[in-house]
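Comments concern the structure below.
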Amino acid sequence: MELHLGKRHWEAHTPDWPAALIAGFLAGALLMVLEFLWAVTGGNEPWSIAHKVAGITLGHDVATTSGFSTGVIATALLTHYVLGMLFGCILAAILSAFRMDDSPGMAFAVGAAFGMVLYLFNFYVMAKAYPWFVDMRTLETFIGHVIFGMMAGFAYWRMQRHPT
């Protein structure tokens with residue numbers, strides 16, 4: 001008689017890409033709302049984060065300014081959603097490859113770990129190319145990325161279609 005403790009192993013399994021894209025989009029939207037609320041409640045300029053995100057595609061001059069601008073906000077939204085969907089797909093690939101997409105608890109846990117790694121990547125590695133993100137190395141930003149990962153993992157788990 002063998003006792004299997006739910007060992008995880010790599011097994012060829014294709015992620016549900018539409019579910020991954022939607023999960024990343026939803027988690028990205030949640031992160032944007034959290035960032036905006038933290039900026040407003042913290043007494044900071046509410047559009048400064050949008051300028052930093054838009055700076056990824058529009059450059060340093062936009063990233064270091066603030067204030068409402070329709071073009072900057074539209075660019076920030078597009079950039080943030082595209083990155084959210086990309087990261088949602090990466091998380092779905094991890095969850096699927098190791099068959100960790102079969103329970104909400106595992107999706108939350110792996111998503112939280114993914115969010116932590118994503119925070120470190122964004123604000124310590126990518127900040128070398130986009131130095132205006134260095135001042136966003138805060139507890140709120142870290143928590144936001146953990147929540148992003150948890151939301152993306154849970155949403156993917158909930159929406160994925162299982163092959164029949």
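For the chain, treating each Cα as an identical point scatterer without solvent, what Debye log10 I(q)/I(0) comes out at q = 0.11, 0.12, 0.16 1/Å? So the normalised log intensities work out to -0.47, -0.55, -0.88.
By a 1.4 Å probe calculation restricted to protein chains, ASP61 has an accessible surface near 120 Å², given to the nearest 10. Counting heavy atoms of the protein chains alone, THR79 has an accessible area of about 20 Å² for a 1.4 Å probe. Each listed q (0.17, 0.28 Å⁻¹) maps to a log10 I(q)/I(0) for region 14-84 from the Debye sum over equal C-alpha point scatterers, namely -0.62, -1.21. About its Cα centre, the chain has a charge dipole of approximately 180 debye under the convention of +1 per Lys or Arg Cβ and -1 per Asp or Glu Cβ, with nothing else charged. Computed with a 1.4 Å probe over protein heavy atoms only, the accessible area of ARG99 comes to about 80 Å². Ordering SER48, SER66 by accessible surface, largest first, gives SER66, SER48; the 1.4 Å probe counts only protein heavy atoms, with every chain in place. A 1.4 Å probe over all protein chains sorts TYR124, TYR81, TYR156 by accessible area into TYR124, TYR81, TYR156, starting with the largest. Long hydrophobic helices in the chain, taken as whole DSSP H segments with a C-alpha length of 18 Å or more on their own axis and mean Kyte-Doolittle hydropathy at least 1.0: 17-41, 70-97, 104-120.
The values are calculated or read from the model by the stated rules, or taken from the named source; none is laboratory data. What you see is a predicted model, and the numbers here were worked out from it, not measured in a lab. Note that we place each Cβ from the backbone using ideal geometry, even for glycine, and neighbour counts take in every protein chain shown. The area values use the complete protein model at the heavy-atom level, side chains included, leaving out ligands, DNA and RNA. Shrake-Rupley method; radii C 1.70, N 1.55, O 1.52, S 1.80 Å.
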